[in-house]
1. List the trypsin sites (Lys or Arg not before Pro) in region 58-135 that DSSP assigns to loop (not H, G, I, E or B) and whose Cβ has at most 16 other Cβ atoms within 10 Å. Which are they?
2. Can you divide the C-alpha Rg of region 287-532 by 2.2 N^0.38 Å and report the result to two decimal places?
3. For Lys435 and Gln366 in the same chain, what is the full-extension length gain: residue separation times 0.36 nm, less their Cα-Cα distance, in nm?
4. Quick one: which of Lys307/Lys510; Lys365/Lys470; Lys404/Lys464; Lys392/Lys464; Lys16/Lys169; Lys275/Lys427 span more than 19 angstrom between C-alpha atoms?
5. Amide H of Lys2: which non-local residues (sequence gap of 5 or more, or other chain) have their own amide H closer than 5 Å, using H built in the peptide plane?
6. Search the structure for amide H atoms under 5 Å from the amide H of Gly152, placed 1.01 Å from N in the peptide plane, and list their residues when 5 or more places away or on another chain.
7. Based on the mean of other Cβ atoms within 10 Å per residue, sort peptides 37-43, 500-506 so the most packed one is first.
8. To the nearest 10 square angstrom, how much accessible area does His33 have with a 1.4 angstrom probe?
Amino acid sequence: MKYILVTGGVISGIGKGIIASSVGTILKSQPVHVTAIKIDPYINIDAGTFSPYEHGEVFVLDDGGEVDLDLGNYERFLDIRLTKDNNLTTGKIYQSVINKERRGDYLGKTVQVVPHITDAIQEWVIRQARVPVDDDDVEPQVCVIELGGTVGDIESMPFIEAFRQFQFKVKRENFCNIHVSLVPQPSATGEQKTKPTQNSVRELRGLGLSPDLVSQAVKEKISMFCHVEPEQVICVHVSSIYRVPLLLEDQGVVGYFCRRLNLPIETRPRKMLAKWKEMSDRLTGCWSIALVGKYTKFSDSYASVIKALEHSALAIIKCLNGVLSLRRIQTQSVFSFRPLGILVPGGFGVRGTEGKIQAISWARKQKKPFLGVCLGMQLAVCEFARNMLDWKDANSTEFDPETKYPVVIDMPEHNPGQMGGTMRLGKRRTIFKTKNSILRKLYGDVDYVEERHRHRFEVNPELKQHFEEKGFHFVGQDVEGERMEVIELDDHLYFVGVQYHPEFTSRPIKPSPPYLGLLLAAAGRLPGHLQEGCWLSPRYGLMFSERPDSSHPVSSRDFS
């Protein structure tokens, strides 16, 4: 097993996750089986109770793990399926050590940070690195580990010490460190300043770790003062995250890893990176989509939603000569422009819900493409009940427990006395109840789909008949037929709601069908796409090319 540790310096949020994901991508293109672990030094057990303003979105895995958004980057870039144990926190480590101490596993010894906490960290990494994450169920060969925060943070010290020991345990030829840092350029002088990076690397070396690669600019100066060769300094300064793997490839990173870690791979161009290059080249050249939410001032709050839209746009831009224009709108705002489509994402709490309902009503009446995700679907049910069933008091019991028409209700699993991990979480199956469903066709005319959930409330199944009599259909339900999973509206090009979160399984070269449908409808190409037989399916990973004798895009097996 080869281990690549990614650390950061100077400031947090510098892009360690993108570097880690991109390194994994270029190694996987060789091909090498790659897995990833994210270490978060906070004491929380998981990310489930975080505010989106505090830490960005909560990413949900197949097993129901609520984890850091960087694991979403790993899954999207590497096209892998991770588990909750791929996100390691201080809380998880201390909890496991304390549980062992209570059982008497330490035989009366004094339990300390060193060696017990540091040993627990190393054991967790070694164990989790060998868990298969690809569909072929093969054990990974390389584990990319991202250490959150910056070097010098007091919370990170046990992890730094653990990896100081770890590098000797697994031997030098199996371990290397990438340090991601910042070179500021003050506007007063226009000169790039390397001193922050020098100090960061000095501190890292003082703690016992020496970086093998420094993601930086100003190669010669960094090389001189940070005790690394010029080839070990990588410059990353791009406008799109999708170009980062290509930039690392161009700077010889694969060749360096082959030599440094003795990886038995051929350093020749691979088809996977060719797909990445074609995809990233499409980021030129508009469909205007309004994302209506209450956390819109912080884009990380809707990171996976935005990425899912980008993936769909990348798939069709080449053929339709357009580009995605995303307008993030606060739910309290009044529309000041006319979007081609409306997207209402998931969320919690009553604030902003009436504004979202107004946006949904506008999309329904104006026949504009609409996609509601989780809460967005529930609010679409509320809007239809109020305006088409004349249930003026219709609401979710989350917002009005005394409503006369509880169209959205609390789930039996929900425990209001405990917040963390009490929702309906993880991958669940949705059965399509009709052959005529637009979303079913977008998924490739399948009988069922398996997508990830994260919610505490659901549509009241007792009121289902009232909606369907008015053309508001629940075309997808759970296996037992008790939970409403997908809604569609008659006499509307694309009015779709899903209880699950399809953005969590969207990939750059496998766009999510609900999001793809929204953009195709906004571009006026959905009917043609459905008529063609929905040749794009995430199951097969087909991308778009152009048929010589037609203006409509068709599938290309070169991208399967």
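1. On the way: sites: Arg76, Arg81, Lys84, Lys92, Lys100, Arg102, Arg103, Lys109, Arg127, Arg130; in loops: Arg81, Lys109, Arg130.
Here the trypsin sites (Lys or Arg not before Pro) that fit, given the DSSP loop and packing criteria, are Arg81, Lys109, Arg130.
2. Working: Rg = 16.7 Å, N = 246, 2.2 N^0.38 = 17.8 Å.
Ratio of Cα Rg to 2.2 N^0.38 Å: 0.94.
3. Working: separation 69, 0.36 × 69 = 24.84 nm, distance 2.64 nm.
That works out to 22.2 nm of additional length.
4. Numbers: Lys307/Lys510 12 Å; Lys365/Lys470 15 Å; Lys404/Lys464 16 Å; Lys392/Lys464 17 Å; Lys16/Lys169 25 Å; Lys275/Lys427 28 Å.
The pairs that break the limit, which is 19 Å between Cα atoms, are Lys16/Lys169; Lys275/Lys427.
5. Val142, Cys143
6. Those qualifying (amide H under 5 Å, at least 5 residues apart or on another chain) number zero.
7. Working: 37-43: 21.4, 500-506: 25.4.
Answer by packing, highest mean first, reads 500-506, 37-43.
8. 50
The values are calculated or read from the model by the stated rules, or taken from the named source; none is laboratory data. What you see is a predicted model; the values in this text were computed from it and never measured. Quick reminder, even Gly has a Cβ in these numbers, built from the backbone with ideal geometry, and neighbours come from all protein chains shown. Remember, those area values only see protein heavy atoms, side chains included, never the ligands or the DNA or RNA. Shrake-Rupley method; radii C 1.70, N 1.55, O 1.52, S 1.80 Å.
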